[in-house]
């Protein structure tokens with residue numbers, strides 16, 4: 001019984017796939033994938049392209065922006081990549097659906113947390129019709 005539990009747990013860790021529904025917020029860390037069963041699409045958070053957001057506790061002339069790259073694979077079609085930028089509204093259209101970048105965490109904080117490693121990033125997305 002323990003072997004079965006360990007095998008199942010390892011499969012979930014390696015696979016990194018969860019599920020979500022249309023119009024439901026979901027979170028992803030880098031290289032995690034989520035399946036939207038209603039539309040047969042898988043979304044994977046690939047990387048942070050740019051993070052020039054002004055750190056917390058600092059006065060900046062420009063607020064900066066954050067751009068992330070995600071991959072979308074629908075059915076048996078080839079996956080395609082899109083960039084979502086929070087400062088630009090974070091929305092892109094695909095196949096009659098809208099994917100929206102709602103949040104990118106964490107944010108840099110002055111003076112204690114000026115560098116963010118890739119593994120720390122977590123994005124919040126929503127897909128709607």
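Is it the case that residue 81 is surrounded by 13 or more Cβ atoms within 10 Å (Cβ to Cβ) and either at pLDDT 95 or above or assigned to a loop (DSSP other than H, G, I, E, B) (or both)? So that I can check it myself, show each step before the final result.
On the way: surrounded by 13 or more Cβ atoms within 10 Å (Cβ to Cβ): no; either at pLDDT 95 or above or assigned to a loop (DSSP other than H, G, I, E, B) (or both): yes.
Here the answer is no, as residue 81 does not meet what is asked.
For the range 49-70, name all the residues that are surrounded by 15 or more Cβ atoms within 10 Å (Cβ to Cβ) and farther than 18 Å from residue 89 by Cβ.
54, 55
Kindly provide the set of residues from the range 46-68 that are touching a helix residue (DSSP H, G or I) at 6+ places or on another chain (Cβ under 9 Å), in contact (Cβ under 8 Å) with a residue 24 or more places away in the chain and either within 15 Å of residue 28 (Cα to Cα) or not in a strand (DSSP E or B) (or both), ordered by number.
Correct list: 47, 48, 53, 63, 68.
For the range 121-128, indicate whether the set of residues that are loosely packed, with under 14 Cβ neighbours inside 10 Å and without any contact (Cβ under 8 Å) to a residue 60 or more places away in the chain is non-empty.
No, the range 121-128 contains no residue that is loosely packed, with under 14 Cβ neighbours inside 10 Å and without any contact (Cβ under 8 Å) to a residue 60 or more places away in the chain.
Of all residues in the range 84-115, how many are assigned to a loop (DSSP other than H, G, I, E, B), modelled with pLDDT under 95 and either surrounded by 16 or more Cβ atoms within 10 Å (Cβ to Cβ) or touching a helix residue (DSSP H, G or I) at 6+ places or on another chain (Cβ under 9 Å) (or both)?
2
In this structure, does residue 72 turn out to be in a strand (DSSP E or B) and touching a strand residue (DSSP E or B) at 6+ places or on another chain (Cβ under 8 Å)?
Taking the combined requirement at face value, the residue satisfies it.
Here's a check for you: in the range 21-35, which residue that is part of a strand (DSSP E or B) and either in contact with a helix residue (DSSP H, G or I) (Cβ under 9 Å, 6 or more places away or on another chain) or at pLDDT below 95 (or both) is surrounded by the most Cβ atoms within 10 Å (Cβ to Cβ)?
Selected residue: 33.
The values are calculated or read from the model by the stated rules, or taken from the named source; none is laboratory data. Values in this document were obtained by computation on a predicted structure and should not be read as measured data. Backbone-built Cβ (ideal geometry, glycine too); neighbour counts: all protein chains shown.
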